[in-house]
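A quick write-up on the structure given underneath.
Each value in this text was obtained by applying a stated rule to the coordinates, not by laboratory testing. Here the structure is a predicted model, which means the values were calculated and not measured. Note that each Cβ is placed from the backbone with ideal geometry, even for glycine, and that neighbours are counted across all protein chains shown.
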Amino acid sequence: MIVVGVGVGPGMLTEQAIETIENAGEVYGSPRSLELAGPYIKGKPKKIKDYKNLHLLGEDTVVLSTGDPMFSGLGKFAGEGDSIIPGISSMHVACARTKTSMNGLAVITAHGRDPGPAIEAFVTEIKLGKNVLLLPAGTFGSVEVAEILEEMGVQARIYVCEKLGYPEESIIEGTVDNPPMAQSALHCLLVVR
């Protein structure tokens, strides 16, 4: 299996990703990843129905992962003999758009999981003085981040970065006292101290 990052939005496929998709025997992906890679898929792509059995796919099968496969993506399903082709992630785009260095950036994901460990990690990284990129959960977003920062006595800029790479991309800047609010589920948060 070859796990290919298709980027966070349209036009963010790398040349290596495009070539691999064009030469694939079979292509699997989520509806969003299939849409992003659509112009390069030869044949009929298949929607992933069972993520736990991806490792059973053939060696020339391409599995599309939105963003980068190793940033809360499908790279975790790659086996020892599988390949991973990186993609442009929300982290890359959010940092570029806000001119925030990735050096020393803490990356935390609460997306699709219990937010408890992510909250603990967030507090730890803020105590260390780091900027944080967060893939939020429904119960751990900009309001909760602002509350934690206020309790800690930390002032920071909070960015809600939505639909990165899409025509309707939006980056809303806020503060601990006035946190920005996400308008869609497709977003990440960037906390800059």
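Note down the net charge around G11, summing +1 for each Lys or Arg and -1 for each Asp or Glu among other residues with Cβ under 15 Å from its Cβ.
Details: positive: R32, R97, K163; negative: E15, E35, E168, E169.
Here the count lands on -1.
Here the stretch 6-139 has an Rg and Dmax of 16.3, 51 Å, counting Cα atoms alone. Among Y51, Y166, Y28, the residue with the largest mean-square fluctuation in a Gaussian network model of the chain, with springs joining Cα atoms closer than 10 Å, is Y51. Within the stretch 138-193, the ratio Rg/Rh, alpha carbon atoms throughout and Rh by Kirkwood, equals 0.99.
When Rg and Dmax are taken over the Cα atoms of the stretch 88-193, they come to 12.4, 37 Å.
Rounded, prolate or oblate, given the Cα gyration tensor of the stretch 64-124, with a/c below 1.5 counting as rounded?
Details: a/c = 2.24, a/b = 1.23, b/c = 1.83.
The shape class here is oblate.
Would you mind checking K42/K99; K49/K130; K44/K76; K47/K130 for any pair whose Cα atoms are more than 29 angstrom apart?
Numbers: K42/K99 37 Å; K49/K130 38 Å; K44/K76 25 Å; K47/K130 38 Å.
Going by Cα-Cα distance, K42/K99; K49/K130; K47/K130 fall outside the 29 Å limit.
Each principal axis of the Cα cloud of the stretch 107-161 was taken in turn, and the coordinate range along them, longest first, works out to 28, 20, 18 Å. Of all segments of the chain bounded by GluC sites (Glu not before Pro) found in a DSSP loop with no more than 15 other C-beta atoms within 10 Å, the longest spans 81-167. 3J(HN,Hα) along the stretch 119-132: 5, 4, 5, 4, 4, 4, 5, 5, 4, 7, x, 8, 7, 10 Hz, from the Karplus curve 6.51 cos²θ - 1.76 cosθ + 1.60 with θ = phi - 60°, whole Hz, x for Gly and Pro.
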